[in-house]
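Notes follow the structure.
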Amino acid sequence: MIPLLGLVAGIIVGLVLAPSVPQPLEPYLPIAIVAAMDAIFGGLRAYLEGNFSDRVFVVSFVSNVLIAALIVFIGDQIGVGSQLSTAVVVVLGIRIFTNAAAIRRALFHA
Amino acid sequence: MPEPDDPRAGPGAPRRAIVEEAEPVTTSTPASDGRRRLLSSLVKPGKGQLIAAAMLFLVGMGAVMQIRANTADSAYANARREDLIVLLDGLGEQSQRLEGEISDMEQTKSDLASGADTQRVAREEAQQRVDDLSILAGTAPAIGPGIRMRISDPGHKMTYDVLLDAVEEMRDAGAEVIEVNDSVRVVASTWFGRNGEGLVVDGKAVEAPYVVEVIGDPHSLEEAARFRGGIVSEITGPRIGGQVQIEQLDRVVVDSLHAQTKNQYAQPASPQPTPR
């Protein structure tokens, strides 16, 4: 419940205050969001399966976001940024679907 | 549960995948567990939920920022530098190509315009020549400043050579069109002769008083006629005893025409120059 409230509060704050993304971070924000979504789905799955640990969740959240951004950053530096970001999105998308399937099974037996 | 870890922990993920494959067998317990945990999280929140809430807060804010940036900015604001360079290159190439096309077309246009222009100028020049030549040949009426010379010959002593002298003097003074008695146009082939008592010009009998109308510079023409020993002195002299009246006119109309006959033998030696 509280996490959901946190999400809503974040959306509202984003809408009301309308903060702008710092220019150098702009290319990495989308990939960071996808990584964060992956971490959130993973955390929800772990929670539903009874092995949720807030420490692991925080660490995995932060490291996922940072690694995704780092991969894209390095890709940009060596000239394959768009390809690498596509790769990151594909991998994270597969993981999100896997986690979503586990969540679905845990909740609906199907 | 064998996995103590979050699904993103490196070794955990593959094992979990295997578990998922096997899940239908053991599905009843974790599923009811999951629902129970979800319900219990709703009624008694813990510390972990606060942390998750903070994370989700960040994610929600970031997502909104990104969506806003995506919708507010143009499509190129978030593009990568390499993509922008490729785009710019493409646009530069395209504009170069189009500029080349423009210059080609302008070249064509100026070519066509100058072609039309030279053709028009040539046609105008040709028309000008036709006008000049038709006046010279006597096939077109003419108008302009000039003089009218009226020669009275009470003693009928005028001879055709005196008339020819008069015409020659006028030509010397720059006469462009000469007409005798308002009926005979004097051209290159005009001849003067005698027919019994009267004079004949180009086969037409002319009678005194002879009126010679000349288009040219009026002053020069009159001077040419009146100079000492000239045509006026000759006519008014004792041999003929005639009288000459000369009036300068701003407007002399010559509308008698010379009927041109087609050359039977002579032909241009070189092909006619094309009007260019």
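The values are calculated or read from the model by the stated rules, or taken from the named source; none is laboratory data. Here the structure is a predicted model, which is why all the values come from computation and not from measurement. All Cβ positions, even for glycine, are placed from backbone atoms using ideal geometry, and neighbour counts span all protein chains on display.
What the table below lists for this structure:
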quantity: Residue within the stretch B:215-227 that is over 12 Å from B:Ala173 (Cα atoms) and either in contact with a Ser or Thr (Cβ under 8 Å, 6 or more places away or on another chain) or in the same structural domain as B:Trp191 (by TED's automatic domain parsing) (or both) present; calculated: no
quantity: Among residues of the stretch B:86-127, those that are among the hydrophobic types (A, V, I, L, M, F, W, C) and touching a residue at least 40 places away in the same chain (Cβ under 8 Å), counted; calculated: 2
quantity: A:Ala69 vs. criteria farther than 30 Å from A:His109 by Cβ, in contact (Cβ under 8 Å) with a residue 24 or more places away in the chain and either aliphatic (A, V, I, L, M) or more than 7 Å from chain B (Cβ to nearest Cβ) (or both); calculated: yes
quantity: Candidates A:Val80, A:Val89, A:Val8 - the one that is under 16 Å from B:Ile51 (Cα atoms) and either surrounded by 14 or more Cβ atoms within 10 Å (Cβ to Cβ) or facing chain B (nearest Cβ under 9 Å) (or both); calculated: A:Val8
quantity: The lone exception for B:Val253 - which of (1) modelled with pLDDT under 85; (2) in a strand (DSSP E or B) it fails; calculated: (1)
quantity: Residue identified as at pLDDT 90 or above and among the β-branched types (Val, Ile, Thr) among A:Ile40, A:Ile31, A:Ile94, A:Ile103; calculated: A:Ile94
quantity: Qualifying positions in the stretch A:21-63 - facing another protein chain (nearest Cβ under 7 Å) and either more than 29 Å from B:Arg36 (Cα to Cα) or surrounded by fewer than 16 Cβ atoms within 10 Å (Cβ to Cβ) (or both); calculated: A:Val21, A:Glu26, A:Pro27, A:Leu29, A:Pro30, A:Ala32, A:Ile33, A:Gly50
quantity: Scan of the stretch B:142-183 for residues that are touching a Lys or Arg at 6+ places or on another chain (Cβ under 7 Å) and crowded, with 21+ Cβ neighbours inside 10 Å, ordered by number; calculated: B:Glu179
quantity: A:Gly14 more than 7 Å from chain B (Cβ to nearest Cβ), over 14 Å from the mean Cα position of the chain (by Cα) and among the small types (Gly, Ala, Ser); calculated: no
